[in-house]
1. Cβ-Cβ below 7 Å, separation at least six or inter-chain, first residue in segment 1-30 and among the aromatic types (Phe, Trp, Tyr), second in a helix (DSSP H, G or I): which pairs?
2. Can we say residue 201 is touching a residue at least 24 places away in the same chain (Cβ under 8 Å), of a type in the set (S, T, N, Q) and touching a Gly at 6+ places or on another chain (Cβ under 6 Å)?
3. Take segment 48-60 and flag every residue that is more than 10 Å from the ligand (Cβ to nearest atom), surrounded by 13 or more Cβ atoms within 10 Å (Cβ to Cβ), at negative phi and not aromatic (Phe, Trp, Tyr).
4. Does segment 132-146 contain any residue that is of a type in the set (Ser, Thr, Tyr), assigned to a loop (DSSP other than H, G, I, E, B) and surrounded by fewer than 18 Cβ atoms within 10 Å (Cβ to Cβ)?
5. Can you tell me which residue among 81, 121 is more than 16 Å from the ligand (Cβ to nearest atom) and surrounded by fewer than 17 Cβ atoms within 10 Å (Cβ to Cβ)?
6. Which one is farthest from the ligand (Cβ to nearest atom) among residues in segment 36-47 that are within 18 Å of residue 80 (Cα to Cα) and surrounded by 13 or more Cβ atoms within 10 Å (Cβ to Cβ)?
7. Determine whether residue 22 is touching a helix residue (DSSP H, G or I) at 6+ places or on another chain (Cβ under 9 Å), modelled with pLDDT of 95 or more and within 16 Å of the ligand (Cβ to nearest atom).
8. Got a sec? Which of 138, 114, 75 is of a type in the set (Val, Ile, Thr) and more than 30 Å from residue 45 (Cα to Cα)?
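The values are calculated or read from the model by the stated rules, or taken from the named source; none is laboratory data. The model shown is predicted, which means the values in this text are computed figures rather than measured ones. FYI the Cβ positions are ideal-geometry reconstructions off the backbone, even for glycines, and counts take in every protein chain you see.
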Amino acid sequence: MYYGIEIVLIFVLGLIVGSFSNVCIYRIPRNESILYPASHCPKCHSNIKALDNIPLLSYILLKGRCRNCKSKISIQYPVVEFLTGFIYLIIYLIYGLSIQTLIYIILSSALVIIAFIDLNEQIVPDVISLPGIVIGFIISFFVPYILFINSALGIVVGGGIILVIGLVGSVIFKKEAMGGGDVKLAAMIGAFLGWRYIMISLFLGFFLGALAGIILILSKIKSREDVIPFGPFIALGSIITLLWGEKIISWYLGF
Ligand SMILES: [Zn+2]
């Protein structure tokens with residue numbers, strides 16, 4: 001049974017980590033330290049007081065504006081905070097108080113950070129994906145739910161699929177369809193989730209990416225020439241898979 005207080009605590013933990021993720025999303029592509037200096041307004045550079053830095057609440061109380069200069073705070077801040085809290089909550093409801101929950105909340109936070117950096121800057125940061133591959137592989141030696149051989153296969157299958165699609169795509173379309181950043185991202189997810197889950201993650205990613213692309217082009221928000229980053233869709237596909245992978249597999253085998 002799950003008690004109300006645990007559910008509240010895991011959600012609040014997600015909100016706090018989400019708040020820190022916002023710092024990472026802003027600073028990592030700018031090669032700034034994620035620890036120093038303290039949070040400040042990107043417009044007027046005034047320090048943000050602790051009371052104005054409470055996840056979700058401060059954004060609502062300040063009506064989405066900096067207390068000092070009144071410039072608008074991006075809606076991305078409360079969105080990332082809520083999203084992280086929400087993902088943590090679902091992971092906890094599925095996996096309970098377990099080592100799997102701990103690993104999955106770490107992985108999903110890395111994925112949220114990568115997804116938003118890719119959305120904003122069209123890059124997948126190596127400083128997360130490369131250590132992620134190593135950490136995912138090392139963890140597989142110590143946890144009961146994934147064998148190291150599965151983790152190794154996940155790295156090869158994940159990175160390999162994107163590499164091959166990228167090469168074929170660049171020959172057909174004569175431009176880079178998928179970057180090296182996506183290869184390392186898929187390898188990282190493969191290291192954590194193994195070869196079956198990374199295949200499901202990538203399939204979902206392609207499906208959701210194509211769907212979003214069609215909708216964005218039909219609604220004339222983007223043109224056919226625009227680059228739509230693929231990282232966010234791999235990240236979304238992976239989070240769906242780490243939550244409901246077994247259900248997806250048994251549904252698929254049921255055909
Ligand atoms: Zn300001």
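1. Close Cβ pairs satisfying both conditions: 2/93; 11/85; 11/88; 11/89.
2. Numbers: touching a residue at least 24 places away in the same chain (Cβ under 8 Å): yes; of a type in the set (S, T, N, Q): yes; touching a Gly at 6+ places or on another chain (Cβ under 6 Å): yes.
Spelling it out, residue 201 is indeed touching a residue at least 24 places away in the same chain (Cβ under 8 Å), of a type in the set (S, T, N, Q) and touching a Gly at 6+ places or on another chain (Cβ under 6 Å).
3. Taking segment 48-60 and keeping what is more than 10 Å from the ligand (Cβ to nearest atom), we get 49-60.
In the following step, the residues that additionally are surrounded by 13 or more Cβ atoms within 10 Å (Cβ to Cβ) were identified as 52-59.
Subsequent filtering for residues that are at negative phi retains 52-55, 57-59.
Within segment 48-60, 52, 53, 54, 55, 57, 58 meet the criteria.
4. Yes: segment 132-146 contains one or more residues that are of a type in the set (Ser, Thr, Tyr), assigned to a loop (DSSP other than H, G, I, E, B) and surrounded by fewer than 18 Cβ atoms within 10 Å (Cβ to Cβ).
5. Details: 81 fails: surrounded by fewer than 17 Cβ atoms within 10 Å (Cβ to Cβ).
Checking each option against the conditions leaves just 121.
6. Initially, segment 36-47 is screened for residues within 18 Å of residue 80 (Cα to Cα), giving 39-42.
Okay, now just the ones that are also surrounded by 13 or more Cβ atoms within 10 Å (Cβ to Cβ), so 39-41.
Details: 39: 11, 40: 8, 41: 3 Å.
Among those residues, the one meeting the criterion is 39.
7. Values: touching a helix residue (DSSP H, G or I) at 6+ places or on another chain (Cβ under 9 Å): yes; modelled with pLDDT of 95 or more: yes; within 16 Å of the ligand (Cβ to nearest atom): yes.
Yes; evaluated as a whole, the condition is true for this residue.
8. That would be 138, the only listed residue that is of a type in the set (Val, Ile, Thr) and more than 30 Å from residue 45 (Cα to Cα).
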